[in-house]
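Each value in this text was obtained by applying a stated rule to the coordinates, not by laboratory testing. The model shown is predicted, which means the values in this text are computed figures rather than measured ones. Note that we place each Cβ from the backbone using ideal geometry, even for glycine, and neighbour counts take in every protein chain shown.
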Amino acid sequence: MGIQPSLLGVSFRRIVEKELTEDFGSGGDITSDLLVQSDVEMSAQIVSRQEGILAGDKVVDCAFEVVDPRLSVEWLISDGQVLSEGAGVASIVGRASSILKAERTALNFLGHLSGVATATRRMVDAVADTKAKICCTRKTTPTLRALEKYAVRVGGGINHRFGLDSGILIKDNHIVISGGITEALSKIGRRGPNTAVEIEVDTLEQLREALDCGVGSILLDNMDNSTLSEAVKVCNGRALLEASGNVTIDSVRAIAETGVDYISSGWITHSSPVVDFGLDLAF
């Protein structure tokens, strides 16, 4: 996929620490503490149990480092590369008890983020010969938004608004409160060149009104494919069109063929299947 997305600026250490605290509870890993001598060292390998796209290597590094800074983690592949079933992806060397204590938290993050990247890549590949770009939404797991949006980028998708301050998106409830599309856009007024403005519509009549107001980006909410195709004709290039609503891997291709510019999917972050990883020991 070329240059890989960066995790720079994504503060995830606190998230990792919180998950480890939750896993340790009040008593720590009582099983490992009873069965594994503290001075026993070993090597272990993280193995992919299925095909997919890797995402989350730096988060895994963080999980092992928080538990024991003396652990050494070496990656055999990096984020964005293809996972093969049964292939090793990373090796860890150090105290056995420390590896076991970090194992579940590390694999939870790796499985989830790789699942997001894999689902995204599947969608991107499904629409590869159309002009549609795949983007995510704010339908993310609480506290994991930055990591999930990173995984979307790893999978080849693009990020929609990160948060409420990332741009103006006038949704249906805003329109109702404002008294209509024209009224809402009038209240927004002229914004600076770095402030994106988009409005949500769910009928062709609303689309025409939004176009008459000169808005540059329009979200077509929960329209069937025939209506999306008609919307593209009505728009005729006057605005960027984004299709949204119940987009899955099974429906995305047909949506792309309507001619929209963007397809946003909450499925890739809130419902993508987890990629299964295991950790195999070698003393």
Query raised in the report: What is the antiparallel percent of DSSP beta bridges lying wholly in the chain, to the nearest 5?
Result: 50 percent
Report summary line: Row for segment 129-270, column shape: gyration tensor on C-alpha, a ≥ b ≥ c, rounded if a/c < 1.5 i.e. under 1.5, prolate if a/b over b/c, else oblate; value oblate
Query - Set of lysines with alpha-carbon distance to K131 below 20 Å, sequence-local pairs under 8 removed - result: K233
Query raised in the report: Using unit Cβ charges (K, R positive; D, E negative) and no other charged atoms, how large, in debye to the nearest 20, is the dipole of segment 129-270 about its Cα centre?
Result: 620 debye
Query raised in the report: Of L144, L207, G155, which is farthest along the charge dipole of the chain in the positive direction, counting Lys and Arg as +1 and Asp and Glu as -1 at C-beta?
Result: L207
Query raised in the report: In µm²/s, what is D for segment 86-162 at 4 °C and 1.567 mPa s, where D = kT/(6 pi eta Rh) by Stokes-Einstein and Rh is the Kirkwood radius from Cα pairs?
Result: 91 µm²/s
Query raised in the report: In whole angstrom, and with the biggest value first, how far do the Cα coordinates of the chain range along each principal axis?
Result: 73, 36, 28
Query raised in the report: What does segment 62-213 give for Rg and for Dmax, in Å, if only its C-alpha atoms count?
Result: 21.8, 66
Report summary line: Relative contact order as a percentage, the chain, C-alpha pairs under 8 Å and 6+ apart, gives 23 percent
Requested in this report: Provide Y262, Y150 in ascending order of the number of other Cβ atoms located within 10 Å of each residue's Cβ, fewest first.
Outcome: Y262, Y150
Query raised in the report: So, with +1 on the Cβ of K and R and -1 on the Cβ of D and E, and no other charges, what is the size of the charge dipole of segment 104-182 about its Cα centre, to the nearest 20 debye?
Result: 140 debye
Query - Burial ordering of W75, W267, fewest other beta-carbon atoms within 10 Å first - result: W75, W267
